[in-house]
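In what follows, a structure is listed as structure tokens, so that the remarks can point back to it.
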Amino acid sequence: MQQPTKRLGELLVEGGLITPAQLQSAITHQKIARGRLGSNLVALGYISEEVLMDFLSHQTGVPQLDVRNIEVAPQVLKLVPHRLAEQFTVLPISTKEPKSLVLAMSDPSDLNAIDSARFASGLNIEPVVASHSALKKTITDLYRRLENTNGALTVDVGNALMQDDALPVSFTLDPVSLPPTPPPTPSRPVAFPRDPFFGEPAAGTQPVNIDPFGLFENSPAPRTPPPLANPNLVHSRTIGDTVRRLETYQTRTLVLGLIRLFQRRGIIGQDELQRLLSNLIEAGEIKDDEVVG
């Protein structure tokens, strides 16, 4: 019957590298800080990275690798996504024939990390042990450099020619100057029609006579009537500068004068008032007791 595989903490306690109390403390710390047990033991100062690397290499038979100044080809880095590399703290190093990928790990016993890298790359995994802190820094530096290289725009001119026949191409882009934006036109206030009987007349217009018929004393003189079609029509029979006051005329004279004025101004027709009066008298709405001789 196969013996159950012992965990890393148990192996370290059996090897005398940590105490059971330190193991329990690291497990409690791991629940809060997450990460692998080995990195938590190192963070708490219960064991050094060098001692842990030697123990893991001896225990698993996996060689050690210093990744602090290592260079990895871009096509190898692309075999394992950046997100996965940071999640499991693994770094692809190189490929081997026929179909293997050398993978640096802080814990080569992490089967979940090995399976994830195998699935992503499609290659068999050959793990090597590396320092956890060195892996974190190198993963960040190499993948950042890879992403910056992929984001740059590279233009090759004359690839089909020989190197000596290639023509250098240089160009500059001048900034596009946009026409200035005109200032917004201020909105004019809404102009209401001017009351013709109040206020000053508008510019360019004639003043409005508030008493067009000249019926009141001290009122402005009425406007000159336009010429009529009949040239024999007499507009005024008053001679001289003296004009009789309105109150000196009889009521009948004033009414007849108003009627004539309305007819001259075109306000009523020539026979319109006569027809209206006849209709009103016949209908009994008004009475005409005065007989004109």
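Would it be correct to say that Gln270 is in a helix (DSSP H, G or I) and either modelled with pLDDT of 55 or more or surrounded by 11 or more Cβ atoms within 10 Å (Cβ to Cβ) (or both)?
Against the criterion (in a helix (DSSP H, G or I) and either modelled with pLDDT of 55 or more or surrounded by 11 or more Cβ atoms within 10 Å (Cβ to Cβ) (or both)), Gln270 does not qualify.
Could you please give the count of residues in the stretch 7-55 that are under 14 Å from Pro108 (Cα atoms), out of contact with any helix residue (DSSP H, G or I) (no Cβ under 6 Å at 6 or more places or on another chain) and buried (at least 17 other Cβ atoms within 10 Å of the Cβ)?
Residues in the stretch 7-55 being under 14 Å from Pro108 (Cα atoms), out of contact with any helix residue (DSSP H, G or I) (no Cβ under 6 Å at 6 or more places or on another chain) and buried (at least 17 other Cβ atoms within 10 Å of the Cβ): 3 in total.
Criterion first (more than 17 Å from Tyr143 (Cβ to Cβ) and touching a Gly at 6+ places or on another chain (Cβ under 7 Å)) does Leu52 satisfy it?
Details: more than 17 Å from Tyr143 (Cβ to Cβ): yes; touching a Gly at 6+ places or on another chain (Cβ under 7 Å): yes.
Taking the combined requirement at face value, the residue satisfies it.
Can you name the residue in the stretch 87-96 that is hydrophobic (A, V, I, L, M, F, W, C) and closer than 14 Å to Arg118 by Cβ and, of all such residues, is nearest to the chain's Cα centre (by Cα)?
Applying the filter and picking the extreme gives Phe88.
Is there a residue in the stretch 81-95 that is assigned to a loop (DSSP other than H, G, I, E, B), in contact with a strand residue (DSSP E or B) (Cβ under 9 Å, 6 or more places away or on another chain) and either more than 29 Å from Thr28 (Cα to Cα) or in the same structural domain as His29 (by TED's automatic domain parsing) (or both)?
No, there is no match, as no residue in the stretch 81-95 is assigned to a loop (DSSP other than H, G, I, E, B), in contact with a strand residue (DSSP E or B) (Cβ under 9 Å, 6 or more places away or on another chain) and either more than 29 Å from Thr28 (Cα to Cα) or in the same structural domain as His29 (by TED's automatic domain parsing) (or both).
Results for (1) at negative phi; (2) at pLDDT below 90; (3) more than 47 Å from the chain's Cα centre (by Cα), shown as yes or no for each residue.
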position: Ile70; (1), (2), (3): yes, no, no
position: Leu77; (1), (2), (3): yes, no, no
position: Ala85; (1), (2), (3): yes, no, no
position: Pro98; (1), (2), (3): yes, yes, yes
position: Val102; (1), (2), (3): yes, no, yes
position: Asn112; (1), (2), (3): yes, no, no
position: Asn124; (1), (2), (3): yes, no, yes
position: Ser133; (1), (2), (3): yes, yes, no
position: Arg144; (1), (2), (3): yes, no, no
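Among the hydrophobic types (A, V, I, L, M, F, W, C), modelled with pLDDT of 85 or more and either under 47 Å from the mean Cα position of the chain (by Cα) or outside the structural domain of Lys6 (by TED's automatic domain parsing) (or both): does that describe Val157?
Considered against the rule, which asks whether it is among the hydrophobic types (A, V, I, L, M, F, W, C), modelled with pLDDT of 85 or more and either under 47 Å from the mean Cα position of the chain (by Cα) or outside the structural domain of Lys6 (by TED's automatic domain parsing) (or both), Val157 comes out as no.
Take the conditions under 52 Å from the mean Cα position of the chain (by Cα) and free of Cβ contacts under 8 Å to residues at least 12 places away in the same chain and apply them to Ile27. Does it pass? I'd like the intermediate steps shown before the answer.
Values: under 52 Å from the mean Cα position of the chain (by Cα): yes; free of Cβ contacts under 8 Å to residues at least 12 places away in the same chain: no.
So Ile27 fails the test.
Residue pairs, Cβ under 8 Å, 6 or more apart or interchain, first in the stretch 65-86 and within 15 Å of Asp141 (Cβ to Cβ), second in a loop (DSSP other than H, G, I, E, B). List them.
Asp66/Ala130; Asp66/Ser131; Val67/Ala130; Val67/Ser131; Arg68/Ser131
The values are calculated or read from the model by the stated rules, or taken from the named source; none is laboratory data. Everything numeric here is computed off the predicted structure, so don't read it as measured data. Quick reminder, even Gly has a Cβ in these numbers, built from the backbone with ideal geometry, and neighbours come from all protein chains shown.
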